[in-house]
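The values are calculated or read from the model by the stated rules, or taken from the named source; none is laboratory data. All values derive from a computational prediction rather than experimental measurement. Cβ atoms come from the backbone with ideal geometry, glycine included; neighbour counts cover every protein chain shown.
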Amino acid sequence: MKFRTEIAIAPWHTPLDHSHRIVSLGSCFATNIAERLDERKFHICASPTGILFNPASIAVAVRDMVEGRSVTTRELITLDDSYVSYRFHSALSGSTAEEAVARMNAAMERGREAIVNADVMIVTLGTAWVYRLRTTGEVVANCHRQPQHTFRRELLGIGEIVECLEDILRHTSCRMILTLSPVRHIGEGMEDNSLSKALLRVAIDEVARRHAERVVYFPSYEIMMDDLRDYRFYADDLVHPTKMAVDYIAERFFDVALTKESKMLISKIEDVVRAARHRPSNPTSAAYREFCQRQIAAIDNLDGVDLSEERAHFESMLQINL
């Protein structure tokens, strides 16, 4: 007897390994996956301009980063004694206009370097609803709690979403992994959220079919909606997936997206990372000294992986152990 509808996902023909450089853009779910890749020592740059929810803002961010467009103080607005931009998440604010501009331009440069050198880009779409400034017609990445009359709310059509994704492809040379965020945007209303997700999913399929040599879809949305179809996998807000759910989806991602060698390497990396987080009851004991020495030897045998932080930890503990 089966109690779950597990999603069958075929392994990819061009899987990832630890030599690939990855950049992740889009909704908070993109950040969640990026964090788990980072923990396993992949080369990844996550959301350099902050969380972005709609495909238009993601496309603009990619174009601006690749073309080296800089931020000026003229485009900033004030929000609770800080300075923000409609192009960026509030995480990139500043207490002064100069500080905000410096942080945003640093993020743009970091993103440009990551995209130019990327082998793979992970793009997670969250919503097809966009907000345009009435004064300029510009689609904003974040409304920053400004008055509702400042914006015009619109629903992107399938063709517009496809054009946004193809614009990203035109400005990059890397492969693209497209995902649809399983997070429901209940602020839009459940009916509008369902409509939004449906449009995004159809557009993603269109792009994946047109550019099969460069684009692949990972069904994070379907895994959450069908395989994990139970509120125990949702956080207290009943909207965001729990850590357990994200970990499960990430495991499914690793199953199909990684080479056999990288999967084996991950197991060894996780052992070292867990060992570094271990807090010994007696850090000056001979047994713990031998433990640290074994971990450093294990790190030496893991080529192509940056475990410098863990190595520094074990070396510092050996100094304590003298």
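Structure values in brief
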{"item": "Entirely in region 109-194, the strands (runs of 3 or more DSSP E) that have 2 or more residues that are over 25 Å from Phe218 (Cβ atoms)", "result": "129-133, 151-155"}
{"item": "Tally, over region 279-292, of residues that are surrounded by 12 or more Cβ atoms within 10 Å (Cβ to Cβ) and closer than 27 Å to Phe42 by Cβ", "result": "2"}
{"item": "Top-ranked residue of region 39-50 - restricted to ones that are within 10 Å of the chain's Cα centre (by Cα) and free of Cβ contacts under 8 Å to residues at least 60 places away in the same chain, ranked as surrounded by the most Cβ atoms within 10 Å (Cβ to Cβ)", "result": "Ser47"}
{"item": "Number of positions in region 246-267 that are outside any helix (DSSP H, G or I) and surrounded by fewer than 18 Cβ atoms within 10 Å (Cβ to Cβ)", "result": "1"}
{"item": "Residue tally, condition part of a helix (DSSP H, G or I) and either touching a residue at least 60 places away in the same chain (Cβ under 8 Å) or surrounded by 10 or more Cβ atoms within 10 Å (Cβ to Cβ) (or both), over region 225-241", "result": "4"}
{"item": "Members of region 127-171 that are more than 17 Å from Leu79 (Cβ to Cβ), among the polar types (S, T, N, Q) and surrounded by fewer than 19 Cβ atoms within 10 Å (Cβ to Cβ)", "result": "Thr135, Thr136"}
{"item": "Matching residues in region 1-19 - criterion: being surrounded by fewer than 15 Cβ atoms within 10 Å (Cβ to Cβ), farther than 20 Å from Met224 by Cα and under 22 Å from the mean Cα position of the chain (by Cα)", "result": "Thr14, Ser19"}
{"item": "Of all residues in region 205-224 being among the aliphatic types (A, V, I, L, M) and in contact (Cβ under 8 Å) with a residue 60 or more places away in the chain, the one that is farthest from Ala245 (Cα to Cα)", "result": "Val216"}
{"item": "Hey, Ser57 of a type outside the set (Val, Ile, Thr), under 23 Å from the mean Cα position of the chain (by Cα) and modelled with pLDDT under 95 or not", "result": "no"}
{"item": "Filtered residues of region 35-91 (kept if among the small types (Gly, Ala, Ser), in contact with a strand residue (DSSP E or B) (Cβ under 9 Å, 6 or more places away or on another chain) and not in a loop (DSSP other than H, G, I, E, B))", "result": "Ala46, Ala56, Ser57, Ala61, Ser82, Ser85, Ser90"}
{"item": "Selected residue (only one of Ser47, Ser85, Ser57 is in contact with a helix residue (DSSP H, G or I) (Cβ under 6 Å, 6 or more places away or on another chain) and closer than 12 Å to Val140 by Cα)", "result": "Ser85"}
